[in-house]
Amino acid sequence: MDNIEKPKLSFWQIWNMSFGFLGIQFGLALQNSNASRILETMGANVEELSWFWLAAPITGLIVQPLVGHYSDQTWNKLGRRKSYFLIGAIFASLALAFMPNAPVLVNLIPPLYIGAGILMILDASINVSMEPFRALVADMLPGDQRTMGFSVQTALIGIGAVVGSLFPYIMTNWFGISNIAPEGQIPDTVVFSFYAGAIVFIGAILWTVFKVKEYPPDEYKQYHGEVTDAKTKGVLQIFADFKEMPKTMKQLGVVQFFSWFALFSMWVFTHRAIAGHIWGVPISDNSSVAYNEAGNWVGVMSGVYFFVSAIYAMFLPWLARQMGRKKIYAISLALGGLGLISMFFMPSKEWLLLSMVGVGVAWASILAMPYAILAGSIPAGKMGIYMGIFNFFIVIPQIINALIGGSIVKRIFDSEAIYSLVIGGVCFLIAAISVFLVDDKDELKIQS
């Protein structure tokens with residue numbers, strides 16, 4: 001594929017390349033841990049939560065392929081990818097600052113439109129920032145460093161996510177900031193956490209923008225070969241590329257489908273699940289002290305699985321060399337499945353942290369291994385568009401879950417959200433089995 005082998009980069013060059021992901025995940029962690037809490041405070045019912053979250057994957061379905069396609073064709077003073085994640089960071093930071101203040105508009109606009117609109121803007125902006133980072137790692141690193149590259153990226157994701165997830169809990173327990181608010185209003189702990197997220201998001205992106213120099217077009221061609229010009233077909237090239245997607249991508253798509261169906265269930269329903277299952281909070285309660293304590297504990301749980309993922313990610317390159325990428329990927333997903341299922345049986349909130357260890361192992365592998373495997377099968381000059389198309393296999397399961405997840409919880413499980421987490425665990429186990437059907441072209445090279 002490459003005419004000349006790309007030079008190896010140092011650890012700190014790889015670190016700088018992916019540092020922006022720390023900010024991206026700080027923002028995502030705040031969204032994942034607190035969005036359902038904010039939406040319920042605005043009056044959303046538990047069966048409606050997945051509908052609110054539907055806006056995010058639909059936006060990603062549209063945005064990521066477009067950003068990938070155009071970033072493949074872009075070159076300006078900032079480079080090929082950097083201008084996209086800088087623009088996305090600006091809008092994402094603004095959305096983070098506004099999201100906890102959304103209830104002020106409830107009297108003017110129905111909560112559904114507010115929640116869906118903010119999630120759409122935030123997720124669109126995050127997608128604009130996030131997609132080029134995947135392509136940047138694949139652009140800059142030789143094949144035998146890609147597992148390391150995506151693992152460092154995953155570690156930084158974990159660091160950002162740990163701090164973002166724990167921020168409301170830290171503000172309550174370390175600084176004494178109020179974690180309760182009048183009905184229909186967001187606690188100060190959440191509001192200030194989102195303000196911090198906006199600052200960290202844009203700051204981390206700027207670090208990568210100023211620290212990383214992308215290969216200019218002539219040098220890029222030396223490493224990747226002559227790049228096909230897709231400008232003649234414009235956006236229609238996306239459909240042509242979709243039709244010609246590599247076989248490995250299709251196989252990974254099955255794994256991604258079940259993995260992200262499980263993750264979506266966890267993000268949407270964990271707060272309501274543990275509020276009812278552990279704290280005994282009735283389904284009609286969305287403002288009590290117990291309800292908000294459960295919300296903060298979800299942040300602690302998220303912090304645990306993100307912390308585990310950050311540590312585990314640094315061992316993934318070594319484990320991949322020892323066991324093979326597919327085997328360690330499958331084992332990691334299976335541990336995530338057992339972690340989610342075990343939440344049903346845990347007797348107290350502290351035991352839930354043990355469940356999150358398995359989820360953290362799975363999360364690290366999901367963020368690193370499929371991209372490391374995929375990069376070796378993508379044609380030269382198509383990293384951006386195929387990383388964007390690969391996002392289809394992330395957002396489609398989320399869309400399906402959003403359409404049916406709330407109804408399943410309400411009608412089959414009588415609004416007991418804990419069962420949605422059990423279903424997610426089963427999906428993780430199916431994903432683990434599906435890994436063995438994937439062709440990994442570079443695996444023998446990585447193990448040598």
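Rule-based calculations on the coordinates, nothing more; no lab input. The model shown is predicted, which means the values in this text are computed figures rather than measured ones. Backbone-built Cβ (ideal geometry, glycine too); neighbour counts: all protein chains shown.
Would you mind getting the Kirkwood hydrodynamic radius of the stretch 1-43 from its Cα pairs, rounded to one decimal in Å? Computed over the stretch 1-43, the radius equals 13.6 Å. Given +1 at the Cβ of Lys and Arg, -1 at the Cβ of Asp and Glu and no other charges, the dipole of the stretch 91-224 around its Cα centre is 120 debye to the nearest 20. Sequentially through the stretch 351-357, phi angles give Karplus couplings (6.51, -1.76, 1.60; θ = phi - 60°) of 5, 4, 5, 5, 4, 5, 4 Hz, Gly and Pro residues having no value and appearing as x.
Which of the pairs Lys82/Lys243; Lys327/Lys410; Lys6/Lys243; Lys8/Lys82; Lys250/Lys327 have their Cα atoms more than 26 Å apart in this structure? Check vs 26 Å cut-off fails for Lys82/Lys243; Lys327/Lys410; Lys6/Lys243.
Once both labels are positioned 7 Å from their Cα atoms along Cα-to-Cβ, the gap between Asp285 and Ser10 label points is 5.6 nm. Volume per residue of the convex hull around the Cα atoms, evaluated for the stretch 232-345, comes out as 175 Å³. Can you give me the Kirkwood hydrodynamic radius for the chain, using every pair of distinct Cα atoms, in Å to one decimal? The Cα-based Kirkwood calculation yields 21.8 Å.
Each Lys and Arg Cβ is given +1 and each Asp and Glu Cβ -1; about its Cα centre, the chain then shows a dipole of about 860 debye.
Working from label points 7 Å from Cα in the Cα-to-Cβ sense, the Phe242 to Trp207 distance is 3.6 nm. The distance between label points at Lys250 and Lys77 comes to 4.6 nm (points 7 Å beyond Cα on the Cα→Cβ vector). What longest range of the chain stays clear of loop-exposed GluC sites (Glu not before Pro) (DSSP non-H/G/I/E/B, at most 15 other C-beta within 10 angstrom)? Value returned for the longest uninterrupted segment is 245-448.
Seen against the Cα atoms of the chain and their longest principal axis, helix 392-407 is set at about 20 degrees. Principal axis analysis of the Cα atoms in the stretch 282-361 yields extents of 50, 21, 18 Å, listed in decreasing size. In the frame of its principal axes, the stretch 279-422 has Cα extents of 54, 32, 23 Å, reported largest first. Ordering Met314, Ala198, Asn34 by the projection of their Cα atoms onto the charge dipole of the stretch 11-447, which places +1 on the Cβ of Lys and Arg and -1 on the Cβ of Asp and Glu, puts Met314 at the extreme positive end.
Taking all Cα-Cα distances within the stretch 337-425, those exceeding 24 Å account for 40%.
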